[in-house]
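Quick notes on the structure that follows.
The values are calculated or read from the model by the stated rules, or taken from the named source; none is laboratory data. Because the structure is a prediction, the values reported are computed rather than measured. With ideal geometry, Cβ positions are generated from the backbone for all residues, glycine too; neighbour counts draw on all protein chains shown. Side chains included, ligands, DNA and RNA excluded: accessible areas come from the protein's heavy atoms. Shrake-Rupley method; radii C 1.70, N 1.55, O 1.52, S 1.80 Å.
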Protein chains: 2
Amino acid sequence: MGITDDVTHESLSFDPDWEIERAEVVRAVFFGLGADGTVGANKNSIKIIGEQTELSAQGYFVYDSKKSGAITISHLRFGRGRIRSAYLVRRASFVACHQFNFLDRYDVVSYAEPGATLLLNAPYATDDVWQHLPREVQDEIIAKQLRVFVIDAYKVAGEAGMGRRINTVMQTCFFAVSGVLPRDEAIGHIKTAIRKTYAQKGESIVEKNFAAVDATLAHLFEMEVPARATTLRARPPIVAAAAPDFVQRVTAAMLANHGDDLPVSAFPVDGTWPVGTTQWEKRNIALEIPVWDPSVCIQCNKCALVCPHAAIRAKVFTPASAASAPPTFKSIPYKGHDFEGSAYSIQVAPEDCTGCNLCVRVCPAKDKSNPRHKAIDMAPQSPLLDAERENYAFFLKLPEVDRTLVRADVKSTQFLQPLFEYSGACSGCGETPYIKLLTQLFGDRTLIANATGCSSIYGGNLPTTPYRTNADGRGPAWSNSLFEDNAEFGFGFRLAVDKQAEYARELLQALAPRLGDDMVVPLLEHGIPGEAELAIRRTQILALRAKLAGIEGDDARRLELVADYLAHKSVWIVGGDGWAYDIGFGGLDHVLAMDRNVNVLVLDTEVYSNTGGQASKATPMGASAKFAVAGKSVGKKDLGLLAMSYGHVYVASVAFGAKDQQTVRAFLEAESYPGPSLILAYSHCIAHGYDLAFGAEHQKVAVDTGYWPLYRYDPRLRAGGANPLQLDSPAPKTKLAEFVREEARYRMVEQRDPQRFRALMEQAQADIVYRRSLYERMSRE
Amino acid sequence: MGITDDVTHESLSFDPDWEIERAEVVRAVFFGLGADGTVGANKNSIKIIGEQTELSAQGYFVYDSKKSGAITISHLRFGRGRIRSAYLVRRASFVACHQFNFLDRYDVVSYAEPGATLLLNAPYATDDVWQHLPREVQDEIIAKQLRVFVIDAYKVAGEAGMGRRINTVMQTCFFAVSGVLPRDEAIGHIKTAIRKTYAQKGESIVEKNFAAVDATLAHLFEMEVPARATTLRARPPIVAAAAPDFVQRVTAAMLANHGDDLPVSAFPVDGTWPVGTTQWEKRNIALEIPVWDPSVCIQCNKCALVCPHAAIRAKVFTPASAASAPPTFKSIPYKGHDFEGSAYSIQVAPEDCTGCNLCVRVCPAKDKSNPRHKAIDMAPQSPLLDAERENYAFFLKLPEVDRTLVRADVKSTQFLQPLFEYSGACSGCGETPYIKLLTQLFGDRTLIANATGCSSIYGGNLPTTPYRTNADGRGPAWSNSLFEDNAEFGFGFRLAVDKQAEYARELLQALAPRLGDDMVVPLLEHGIPGEAELAIRRTQILALRAKLAGIEGDDARRLELVADYLAHKSVWIVGGDGWAYDIGFGGLDHVLAMDRNVNVLVLDTEVYSNTGGQASKATPMGASAKFAVAGKSVGKKDLGLLAMSYGHVYVASVAFGAKDQQTVRAFLEAESYPGPSLILAYSHCIAHGYDLAFGAEHQKVAVDTGYWPLYRYDPRLRAGGANPLQLDSPAPKTKLAEFVREEARYRMVEQRDPQRFRALMEQAQADIVYRRSLYERMSRE
């Protein structure tokens, strides 16, 4: 499309209507949701047409680096002779929209040429679909005289036992409607492709796909297009009216897929992007959302802790502040001495929830009269949307808790505002609960160096970022350097922060005669961790600033610039196992070996999740990975043992699904430890191959089998003569097999070579026993 | 000087006599021996003149990358106004030769302009010096009318308690003779510089240097130069007449410092250099060499094992083969059943020995009637030279032992021919005995990937290499890639070797109908380690080659190319701690985590030795290093523990000076283990700051204090149900202080801040206790 450079004015203008496509080439565009299978199905279609017909085929697949759940656009061309169009399709004879709500959000129909075919996946009866289209879409269908075909693909897929995987259904529709191949021939090819793709995952998957293909044609209908538009409902704005100017002008354009049209002048000059912008994105991807039943709730806040998207939250507040609440807003008296007399509420962000189900699975509160009913249950989103949207807006306006009064337990920490919310992470992600907790505990004083990987993608993905500031304007400073240097990058943060603090103290001493010793002496003490300590120090700095304002001279101005560094800063180095165990390991090890106060959080999914599942040195024995389908023959690297062997490094191994209190404790200890700290955080992941609704429960199995031991190694204990290593999980209760059988990454290896798998599992089980015994011995003095 | 390109003929000719130096600039050239302090003293002189006078000063220092003991040439200029001569001095008014034997080797006097001053350090009385000069030097002194000054600097330094450090003495001579500054003023400056340079190393070092300065002038004399030459003795050839053509033409020119004059055509087209060339270098740097007394010897061969330069050797041979021995050649009947009836000899290479004294220190055999007399004692080299040169030449011609008969003990391994000899490593080096042992045990089947560091410098330093082949033409294949990728580099060797072997087996199978199953079937079995197995396999390959010669076709020719890969190959990845613990650690860890048969040898000097002593993660707590003089606050990284934690890696920690039999055993086990192996080899080093004659004894202290534990972790033992970890050193017998007090790297820290040092040592001692207890627990099941 070209760049519109209105800053240097050096860009060339062009005619957007100039057309160089060959008329005889079929052009098709497909709008899908990341991980719904659209891209994979289209790749299959290309193979079928390219290999089974005389036609040439071409495909471009456009998707951003968001995790599953974002938009994907597939641009396909088919035709006789070579296809040399090295650019995207702009006018297609076939346009498919695999997600009905995209029509409210993107200019899907603008891709259709006059007389083209439009295929819609719609959760409505065919006759009913028209009235659900926004005015702009109705107008354009009529003006372009499009043929419109409709299928309720989720219904077909669901009935075929495929859950939400609609790719096979939509691929069948494409071949049925486009006429590229004879129907029966096309269906034969689709089935062959299905067998080839899914055979490794088991025969039942193949059968389900076959059933979906067979059921599709009976549910595919052409819609009668009225002569004129029948609705007044216009497409809603991309972002709410309350969004700030920059979000309206820039972020919204990028969210609407019009980012390429933005002129150069729209972008921030220094590359710094506004934070907290995910709140304007409102992806609405959950079909069902949790509903809170206060009468059953025990107020444990576990639902809030495990939520990967900060979309279910807890608050305590004065009953009076709920006086103006919307009619359906729910609250009950708080149970507990710490905030006695307060009201308590659990509230869902209905448009930000991804429907992962994790909160419901961990909820321990059951209705005694109906054990299938819990304090939170899932319910369809649409009917709840308007009311819960209003409730959530009200909830957000309720005052945040006084941080100095919050205790160090799971329940209390969930009253702290998360400064990481609604990220683009996968539904059910096992990493983001740790990051969210980190921002709740320390976000207002934190600098985060983020390694490349999932966490850098959902952490800082244009056009939005999930990191935000609190009401005081404080929040994590976040940046991503390279895959290989993140530990060093964060180490640099620490050196810089310490140097600024040192400089501030020098200036304080220089200005002492004018500031007075009463003010200067307390501020010369190094800032220390802790909510109360931080509150006092911030008050001192405010007083300092007030006094500095009345003092002339360069030193006073300089001290104003660096005064905030007189308060404690928390440096966190965050990344995945690909970074920590492999690509960044040399640097990580070197930084741990230095004696500086940095905190390292390793989000261990045991595989390169972001790039699709290649083995890392964190991958356990016997698990398959991309390019290593035979199963890993070498055990997982013991990164924790290496770090402990230095003696001066705080090390913790945690799994929030198994023991959330231990996780919270490890984060607090790591941050308060004045040297390097390393937290190895078990993170369930779609790469493991099971429904992530069970992620937290599966973490418990990981710990119970000894697969993932929990421990904390605190060098401070040595000073008191105690053993620094504390084991937080008991001796394995069950066999590794309990854990392994739930995960497809293991089942694939077993299916491929059962004998080899058995040998690997025996070795892995023996390793667990050996390691446990080693750690037990280490923990005894 | 320019390049003489006689291949492309594109170089420009030039007039070597064209002179552009300004007449009023003083030019001085100094010939020194690496690490004799010449360069440091000259840098001091430049500072004195540049800072204390009106003169400008300039210095160029030319030395190759050889370890201490090689030639250094300092080119200095002093004069009024700016010095802009960006090139070396060719005609000097002052030439100093700090090593008398350089006159036999280099054109020292050619640098002197007519009427210049020549300063000689000579181990003779002044009147006696003239007759020891070779004819060429006498002629040139007379022709150029040089003034010649003489000092016996080693005598002066020795009497001042400075051992062989003659730098202060020679610097004083320079100022005394050159007249650049008034004598008294110069001496004042020298003393100030001495204090500045050595204060940190202790007051006694300063005092010794002062004493040397004061004694110098009384021992500096001008020599009367006769009117004509009085000797017939010409300068000896650089290399022996027996050296091969390439060595005569190319290597010798480079050794004589005339490498820049070699034309392009002299160099190997593909960059491959002939091996075993150190044998022609004959550096003659030992003032004293060991002398063997067979009547005291107990035939333990420890002297041969510890020799860093393979300059003292043991052999068994039939008494008959000694019949034609030179008159002073010594041999005695061999004691032992394995080679019963043989004769036994210990022989020194008098011109290759560096006089380090290690062999004498480790010799356990004392004369009962005179305990100060051992089976080997040091004696001045000169009187022994001619006879021992002849004896050594005879010794080398005696047949090598039958490798299949050699047992796996220290004594027996020293009958195996070293394929690594007379390297440029420092006198007394603690690394080279390990490499030598490696080549004795496996050299004829070994590929070595060498990390950058000392071992790459003395291992492959132009113009000579210490690696060599045996009489069959077999020897280590050796290469050096980068500092950061050596593990991966060697891993590639393994992959390539395995692939070639696989290809050879494929070809064998294809040719089976013509070769016959009797020949093919045994060869299809993978080659395995072991002398006997290798001998059998080599015989099989010889038979195969004989048969292939009679078979036509491409497959037969291809198999001839790769047939040698049917025999076992031993891949070794060698480097120092800077590589293994720091710069190459990420890659090393990754290679260890793979399940391939590579052997890693880490020569751990606990510091970046090659670049002058910067701290690595192997540097222990409390030791000083360059840029870290306050002493390291973090303990040494436990690389062995990390490797053991994988479970499938063979790991050994060895120290030949403490338990040589354990070292030999570890090498044999590592090589025979079919997966990755890691040997951590304690290597004493000049960077530790003590006389390396005591290196082996000091290793024993390192082990006795628990500072360096000995162990072997053999994953094969797990299969038998045994604990894989075997501790080979007992619980610490003495305190760390015993070890630490001998090393200057610790003493410097203590002197700087005794309180901090005490705290670090307490922590280090506690770490030793903790680690020992951890390892003990790990080794019990």
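What to note about this one:
- Nearest-ten-degree value, helix B:486-515 long axis tilted from longest Cα axis of chain B: 40 degrees
- Ranked by the mean number of other Cβ atoms within 10 Å of their residues, highest first, the peptides A:79-90, A:579-590 fall in the order A:579-590, A:79-90.
- Cα-based Kirkwood hydrodynamic radius, region A:570-780, one decimal, Å: 17.4 Å
- Ignoring aspartates and glutamates fewer than eight residues from residue B:411 along the same chain, the ones with Cα atoms less than 19 angstrom from its Cα are B:293, B:338, B:340, B:400, B:402, B:421, B:531, B:660, B:669, B:697.
- Region A:178-270: GluC sites (Glu not before Pro) falling in loop per DSSP and having at most 12 other Cβ within 10 Å: A:224
- Label point of residue B:367 (7 Å along Cα→beta-carbon): distances to the other copies' equivalent points are 10.4 nm, sorted ascending.
- The relative contact order of chain A comes to 9 percent, based on Cα pairs under 8 Å that sit 6 or more residues apart.
- Computed from the Cβ-Cβ distance with R0 of 22 Å, the FRET efficiency linking residue A:738 to residue A:633 stands at 0.50.
- Cα gyration tensor, chain A - rounded (a/c under 1.5), prolate or oblate: prolate
- Using only side-chain charges placed at the Cβ, +1 for Lys and Arg and -1 for Asp and Glu, the dipole size of region B:115-161 relative to its Cα centre rounds to 140 debye.
- Residue B:261 - accessible surface, heavy atoms, 1.4 Å probe, Å² rounded to 10: 90 Å²
- Chain B contacts chain A over a buried accessible area of about 2700 Å², both sides summed; the probe is 1.4 Å and only protein chains count.
- Compactness check for region B:64-202: Cα Rg over 2.2 N^0.38 Å is 1.12.
- Tensor-based shape of region B:555-610 (alpha-carbon gyration tensor, a/c under 1.5 rounded, otherwise prolate or oblate): prolate
- Contact order normalised by residue count of region A:652-748, Cα under 8 Å, 6+ apart, percent: 30 percent
- Label 7 Å beyond Cα on the Cβ vector: residue B:123 copy-to-copy distances, nm: 9.7
- Over region B:489-566 - Rg/Rh using Cα atoms and the Kirkwood inverse-distance radius: 0.97
- Rolling a 1.4 Å probe across all protein chains gives residue B:454 an accessible area of roughly 20 Å².
- Sorted largest first, the principal axis extents computed over the alpha-carbon atoms of region B:394-505 equal 42, 40, 27 Å.
- Sum of -39500 (n - 2.57) over DSSP H runs of 4+, divided by residues of chain A (222 nm, nearest 500): -10500 deg cm²/dmol
- Using the Cβ-Cβ distance between residue B:390 and residue B:479 with R0 set to 45 Å, the FRET efficiency works out to roughly 0.80.
- Burial here means at least 10 square angstrom less accessible surface with every protein chain in place than with the chain by itself, probed at 1.4 Å; in region B:599-621 the buried residues are B:617.
- Annotation: average projected area of region A:220-294 is 10.4 square nanometres, based on the convex hull of Cα atoms across all directions.
- Using alpha-carbon coordinates, inclination of helix A:38-52 to the longest axis of chain A, degrees: 40 degrees
- Alpha-carbon centroid distance for the pair region A:597-621 / region B:589-622, whole angstrom: 25 Å
- Within straight-line cross-link reach of residue B:191, lysines at Cα separation under 23 Å, skipping those fewer than 8 residues along the same chain: B:43, B:47, B:155, B:201, B:208
- For region B:334-405 versus region A:539-568, the inter-centroid distance based on Cα atoms is 77 Å.
- Cleavage-rule hits, trypsin sites (Lys or Arg not before Pro), region B:307-401, DSSP coil, Cβ neighbours within 10 Å at most 10: B:368
- Rg and Dmax of the protein assembly as shown, based on Cα coordinates, read 39.8, 125 Å.
- Loop-located GluC sites (Glu not before Pro) across region A:1-105 with a Cβ neighbour count of 11 or fewer within 10 Å are A:10, A:19, A:24, A:54, with loop assigned by DSSP.
- Space enclosed by the convex hull of the alpha-carbon atoms of region B:1-85, per residue, Å³: 121 Å³
- Extension gain, residue A:546 to residue A:272, is 95.8 nm, computed as 0.36 nm per intervening residue step minus the present C-alpha separation.
- What region B:570-780 shows is 31 Å² of accessible area per residue, with the surface traced by a 1.4 Å probe over protein heavy atoms.
- Residues B:214, A:555 ordered from highest to lowest accessible area at a 1.4 Å probe: B:214, A:555.
- Stokes-Einstein translational diffusion, region A:450-604 - Kirkwood Rh over all Cα pairs, 0.692 mPa s, 37 °C, in µm²/s: 189 µm²/s
- Centroid-to-centroid, using Cα positions, region A:130-171 and region A:697-742 are 49 Å apart.
- Out-of-range pairs (alpha-carbon distance over 19 Å; input B:436/B:659; A:659/A:700; B:282/B:315; A:282/A:366; A:626/A:735): B:282/B:315; A:282/A:366; A:626/A:735
- Within the accessible area of region B:672-781, the carbon and sulfur atoms contribute 55%, probe 1.4 Å, all protein chains present.
- Two-decimal log10 I(q)/I(0) for region B:339-425, as the Debye equation yields it once each C-alpha is a single scatterer, q = 0.14, 0.16, 0.17, 0.25 Å⁻¹: -0.66, -0.87, -0.98, -1.43
- Distances between equivalent label points of residue B:741 across the copies, with each point positioned 7 Å along Cα→Cβ, amount to 6.5 nm, shortest listed first.
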